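Reviewing the structure listed below.
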Amino acid sequence: MARDLKEAFFRLDGAWASFELGSIRRRDDYLKPFRVLRCKIDDQVDFQNPEAPRSTTEASVLIEIFGEQELVAATGRGPVHAVDNAMRKILEKHFPQLAEVRLEEFDVRLLPHEPPQDDDENGAGALVRVLGIFSDGEDRWGTVGVADDILQASVECIIDGLEWKLRGEQKH
């Protein structure tokens, strides 16, 4: 048990907003302001043409908000930027205060883990921890995403960053 708590703290270090959201989400009266149902990311990097932009990314995101599902696509300078842009296209219509939120720092780390039992099946993959520091011009907060996949961890981090800004606003 102590090891699990230590690992959980390590994953959340610097991400108190995610830690507090975890507690808030357990309350019976908490209503999640939005739910990301699915993301699709198409990323293409051109190493052949030095004149062209190095990366072209499009993301589509399906979000449930106010009981309705909305699907939107956006582009960005890489997958994280494209997903963030797509989410904001939907969310800023309903929550204009999210336009103030900026991702100021973004840190990706591999977490130590138990070696895979079968390298052929699991590869050399490790858990990925993404730490994001957000600001709205007045406050700063940190969130974290942890997953086997860097994009899933990144999306979890962004979701927490935006949801933290909306905490306490019961609009449902």
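The numbers here are math on the coordinates, done by the rules we state, and not lab data. All values reported here derive from a predicted model rather than from experimental measurement. Ideal geometry is used to build each Cβ from the backbone, glycine not excepted, and the neighbour counts take in all protein chains shown.
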Stretchable slack from Gln97 to Glu51, in nm (0.36 nm times residue separation minus alpha-carbon distance): 12.8 nm
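Taking loop as defined by DSSP and a crowding limit of 15 other beta carbons within 10 Å, which GluC sites (Glu not before Pro) in the range 140-169 fit? Walk me through the numbers on the way to the answer.
Working: sites: Glu156, Glu163, Glu169; in loops: Glu169.
Filter output for the range 140-169: Glu169.
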Amide H contacts of Arg77 (H built 1.01 Å from N, under 5 Å, at least 5 apart or other chain): Ala82
